[in-house]
Amino acid sequence: MVSLQKIFRHTLFSRAYFRCSNLYTRFLFFSLFTFTIVLLLSCGNSDKELNEYNSKALGIEEIKDADINYTLGGNAKAKLRSPLMLRVQEASPYVEFPKKLHVDFFSESGAIDSRLDALYGKYYEMESKVFLKDSVKVINILGDTLYCNELWWDRSRKGNEFYTDKPVRIRRKLQIIDGIGMDASQDFKAWHIINPVGIINVPNTQFPVY
């Protein structure tokens, strides 16, 4: 027969063990929870540092709120603004504008004679030309407006700095002209649609404002 003393001792030991087990479980849970939080925070910092390291390792220079002036012979020719510019150093270096860009083009007198907007741009340094895409728009001082999804801007093509082989639409005061492929001057005063598709006569309401 088990004595009351043994039962008493066993009961006390069980309660003590249960309390210790609860304390140990709580301690273990708290430790794991704290470790997880620290690990997550550390991972966040590591990801940021890793991205910065990768950018440097890949030779990517990031510039926010870029404001660039293009000059020729001391005269301003264009002013480009973009919320983000990435300059990538590769065998064929390029500059990328992944979050839209706006360009003002200047006449010989220094006045703005055309404007350009696009959601994306990429400047190829070796070729000295810019590829533009997504909601590309060019407007001149007369209000004539070009709409297209892809456009090249090559300053070496005097008189035909803008060109594309993709669909275009030109909105004039009383006309909408559609076509495939186009060449145009940088001031967009002279342009030529390679394959016209159609002309629609329209009233001058909602005419683009320069």
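Bear in mind that the values in this text are calculations on the coordinates, not laboratory data. Source: prediction; values computed, not measured. All Cβ positions, glycine included, derive from the backbone under ideal geometry; neighbour counts span all protein chains shown.
Descriptive notes on the structure:
- Cleavage-rule hits, GluC sites (Glu not before Pro), the stretch 83-131, DSSP coil, Cβ neighbours within 10 Å at most 14: Glu90, Glu108, Glu125, Glu127
- Listed by chain and number, the aspartates and glutamates whose C-alpha is less than 12 Å from the C-alpha of Lys100, apart from same-chain residues fewer than 8 away, are Asp65, Asp117, Asp134.
- Computed label-point distance, nm, for sites Gln175 and Lys79 using a 7 Å Cα→Cβ extension: 3.3 nm
- Phi to ³J(HN,Hα) by Karplus 6.51 cos²θ - 1.76 cosθ + 1.60 over the stretch 100-105, Hz, x for Gly, Pro: 6, 8, 10, 10, 9, 9
- Estimated inter-spin distance, Leu119 and Ile200, nm [label 7 Å along Cα→Cβ]: 2.1 nm
- Radius ratio Rg over Rh of the stretch 61-201, counting only Cα atoms, Kirkwood formula for Rh: 0.97
- Contour minus Cα-Cα distance for Glu127 and Lys189 (0.36 nm per residue): 19.8 nm
- Electrostatic tally near Tyr124: other residues with Cβ closer than 13 Å to its Cβ, Lys and Arg +1, Asp and Glu -1, net -1.
- Above-threshold pairs, the threshold being 24 Å between Cα atoms, out of Lys137/Lys166; Lys99/Lys173; Lys64/Lys166: Lys99/Lys173; Lys64/Lys166
- Global geometry of the stretch 81-130, whether rounded, prolate or oblate, following the gyration tensor of its Cα atoms and the 1.5 cut on a/c: oblate
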